[in-house]
Amino acid sequence: MGCKQQEPTVEIVKVEEISIDLINEPFPEAQQEVLETFGAIAQSIKDGDLDKLISFHAYSPKFTEFKNGQPRNEGEANETYERSVFGSVTEVLKFDANDLQIAVYGDVANLTFHSDFQLMFGSDLVVVNDQITLLFVNTENGWKLVHEHHSPLSKVTG
């Protein structure tokens, strides 16, 4: 008596492709995550926690920064600058991000705002009114900065 082997049953399932409009879909949950990350970045600056601040960056050969019309920086220069500047802040009097907008494109998010920062460096007050763009990528460790752009904000006269 031999065993009769039964042919395995194969079921073919049609998978419907879901199209996501990366340009127009607002991705509200991701927007909230990016906003919370930005809030944590601001808090790390207020707390003077430089290691925490730096941890929000994804430094790699792809990291870039533009600042005040100067040639492009890379990650090492950005980290050195941020540790130097924010390490010298003795008090944050004001840290407002006006006209804040977050645009999410799947795993990439663009956060733009007009800064209204008042930072004390010892007895010296520095006011920073810039246009700032922060580009984030969603990684397995959360949203990380991969590009920064800082430009002076022109004063609008009435």
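FYI, it's all coordinate maths here, none of it is from the lab. Everything numeric here is computed off the predicted structure, so don't read it as measured data. As a convention, Cβ positions derive from the backbone with ideal geometry for all residues, glycine included, and neighbour counts pool all protein chains shown.
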Notebook entry, point to check: By how many degrees, 0 to 90 and rounded to 10, does the Cα axis of helix 75-88 deviate from the longest principal axis of the chain?
Noted result: 50 degrees
Next item on the list: Any chance you could give the angle, 0 to 90 degrees and rounded to 10, that helix 28-47 forms with the longest Cα principal axis of the chain?
Entry: 40 degrees
Checklist line | log10 of Debye I(q)/I(0), alpha-carbon scatterers only, for the chain at 0.20 Å⁻¹ | finding: -1.43
Check: Taking springs between alpha-carbon atoms closer than 10 angstrom, which of 125, 145, 35 fluctuates most in the Gaussian network model of the chain?
Finding: 125
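Normalised by the number of residues in the stretch 1-154, what is the relative contact order in percent for Cα pairs under 8 Å and 6+ residues apart? Walk me through the intermediate numbers first.
On the way: 237 pairs, mean separation 32.6, N = 154.
21 percent.
Full extension from residue 10 to residue 140: what is 0.36 nm times the residue separation minus their Cα-Cα distance, to one decimal in nm? The partial results should precede the final answer.
Values: separation 130, 0.36 × 130 = 46.80 nm, distance 3.55 nm.
Full extension from residue 10 to residue 140 adds 43.3 nm.
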Check: Under 21 Å Cα-Cα from residue 155, which lysines qualify once same-chain neighbours fewer than 8 residues away are excluded?
Finding: 67, 94
Check: So for the pair residue 99, residue 29, with labels modelled 7 Å out along Cα→Cβ, what separation do we get in nm?
Finding: 3.2 nm
